[in-house]
Amino acid sequence: MSDVRVRIAPSPTGPLHIGTARTALFNYLFARNQGGVFILRLEDTDAVRSSIAFEKDIVDGLHWLGLTWDEGPDVAGGPDHGPYGPYRQMKRLPLYEEAAARLRAADQAYPCYCTPEELDAVRRRQEAAHEPPRYNRRCALLTPAQRAAFEAEGRRPALRFRVAEGLISFDDMIRGRVEIDTANIGGDFIIVRADGTPLYHFTVVVDDAAMKISHVIRGEDHLSNTPKHILLFRALGEPEPHFGHLPLILNPDRTKMSKRKSQTAIADYIEQGFVREALVNYLALLGWSTGTEEEVLSLPELVERFDIRHVQKAGAVFDRERLEWLNGQWIRRLPPEELIDRLRTFLEAELEAGGIDRMPSDGELKALLPVIQERLPTLGAIGDLIGFLFVDRLEIDPSLFPTKRWDLATTREALVAAREVIAAVGEVSFEADELEPPLRRLADERGWKAGDLFMAIRVAVTGRTATPPLFDTLVALGYERTLERLDRALEASNQEAPR
Ligand code: GLU
């Protein structure tokens, strides 16, 4: 086992976000490729915004993606596991207290008595003078008497970390040499609030040190935090981990990916019927590539090929079409039993919503697989694709008659003629090969385009303009029901629809 130890450290203040899932995946791939350890740590110190429901969404989402961790917190009733626990920050408060006391004793952090109003006034003055916002260090050099005076006023101090002047530099695994002048990080920063709650920059460093994290791999939005973290590692006398900052995920218009412009919650992708294989595959390619033409890769294949040095620096544009394409590829690769199994939830939802009147049996689904497996873009599209087979009374949107490129008289004439031809084929020979030739002949005889005739039949028996291949569809529907639906469509098309 190598000494590679990486972590995903989500805050349960929202559902599992696509960016967090990608960061988790890259950490997982790095750990597995290097024979290291992958850790889940819950950063739940924001008591107001954190919730158990979000925590569950995150944990379930990571499980669903197949990103299993080696050490992690006590989720879903299970125990905390790993030698460096607890793995949720709210259970680690004494560790932060101890580290804060150490920094304070060494005068690397000092009590700050400024009120929010006072800090606000400083910020406004800086703004007016077009200066960058930074703490004015009013409390940096207080004498014990001055501190006592503030205390006597009833002020409770926050703890501020002293930022030393100078250049912080590190070799980012993705971005190469990074240098940041500590003059540009906003001055001395708060590590523990006046009410005693420790803040992110502080807890993340205390924990990364305590958990012996060797590589911190996270989103580029954290790049400006890293100098603060490096200063804290040094102040605590801890070795600095390696850092790697993953490129941002961008909306198609190249702005930072946001809920407003893109779908960002993993749960929504699951609900629409994206399969884990495709989502993992797609997320891995958001900012990384094998350097070859290979695109469709399983999790073990990704582990084998992953190389963090091949992660790009430039932002990665989220391309939903590519994700859908990959999803189709993975649906095609699923073993039949597995696909049927995964379709169940979606069919049940369809039944509940009244889209179908009964659940298809496993046998029925199996018979349909050749026509659906090639065509499903998402599992959630199953109702659209075959739902018409499982409704008792098909309602046809009257605006679909007459069918494309035809008038009502021709549509009706075609349906009458097609009914005759199909009835003549008979129940015994009701097979795709037996149906197609006489129906093509019919179109020839009447001078119709075969496609127009087939469209009229398709709309009549399915209520839709796009379906699996027509003759397979008729066979799946069966002889009786095909004729019955043609009859009903003829009745329905009797009245001209309002246009
Ligand atoms: N809780 C932080 C976040 O969700 C962790 C960032 C980090 O990886 O350091 O953004």
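Coordinate-derived values only; no laboratory data. Source: prediction; values computed, not measured. A quick note on method: Cβ atoms are made from the backbone with ideal geometry, for glycine too, and the neighbour counts reach across all protein chains shown.
Looking at the square roots a ≥ b ≥ c of the eigenvalues of the Cα gyration tensor of the range 277-412, which shape do they give, rounded for a/c under 1.5, prolate if a/b is larger than b/c, or oblate? Cα axes put the range 277-412 in the prolate bin. For PRO79, the shell of other residues with beta-carbons less than 13 Å away shows a net charge of -1, using +1 for Lys and Arg and -1 for Asp and Glu. In straight-distance terms, cross-link reach from LYS56 covers every one of the lysines whose alpha-carbon lies under 24 Å from its own, apart from those fewer than eight places away in the same chain; here that gives LYS91, LYS259. Would you mind counting up the charge near VAL280? Only other residues with Cβ under 11 Å from its Cβ, with Lys and Arg at +1 and Asp and Glu at -1. Overall, the nearby charge balance is 0. For the peptides 71-82, 120-131, the ranking by mean Cβ contacts within 10 Å, running from highest to lowest, is 71-82, 120-131. Counted by Cβ distance under 12 Å from ILE174, the other residues give a net charge of +1, where Lys and Arg count +1 and Asp and Glu count -1.
Would you please classify the overall shape of the range 209-342 from the alpha carbon gyration tensor, given that a ≥ b ≥ c denote the square roots of the eigenvalues, rounded means a/c under 1.5, and beyond that prolate means a/b larger than b/c while oblate covers the rest? Note, shape of the range 209-342 comes out prolate. By DSSP, the beta bridges lying fully in the range 112-259 are antiparallel in about 70 percent of cases. Partners of LYS404 within straight-line reach, counting lysines whose Cα lies under 18 Å from its Cα and excluding those fewer than 8 residues away in the same chain: LYS449. Judged by the ratio a/c of the largest to the smallest principal axis of the C-alpha gyration tensor, the range 168-223 counts as oblate, that ratio being 1.5 or greater while a/b is no larger than b/c.
Here the relative contact order of the range 339-456, from alpha carbon pairs under 8 Å that lie six or more residues apart, stands at 21 percent. Here the chain carries DSSP beta bridges of which approximately 60% are antiparallel, counting only pairs with both residues inside. In percent, rounded to a whole number, the relative contact order of the range 222-379 is 26, using alpha-carbon pairs under 8 Å and six or more apart. Sorting the segments 20-33, 470-483 by their residues' average number of neighbouring beta-carbon atoms within 10 angstrom, most packed first, yields 20-33, 470-483. Normalised by 2.2 N^0.38 Å, where N counts its residues, the alpha-carbon radius of gyration of the chain equals 1.35. Under the Cβ-under-4.7 Å rule, which cysteines of the chain stay unpaired? Taking the Cβ cut-off of 4.7 Å, the unpaired cysteines of the chain are CYS114.
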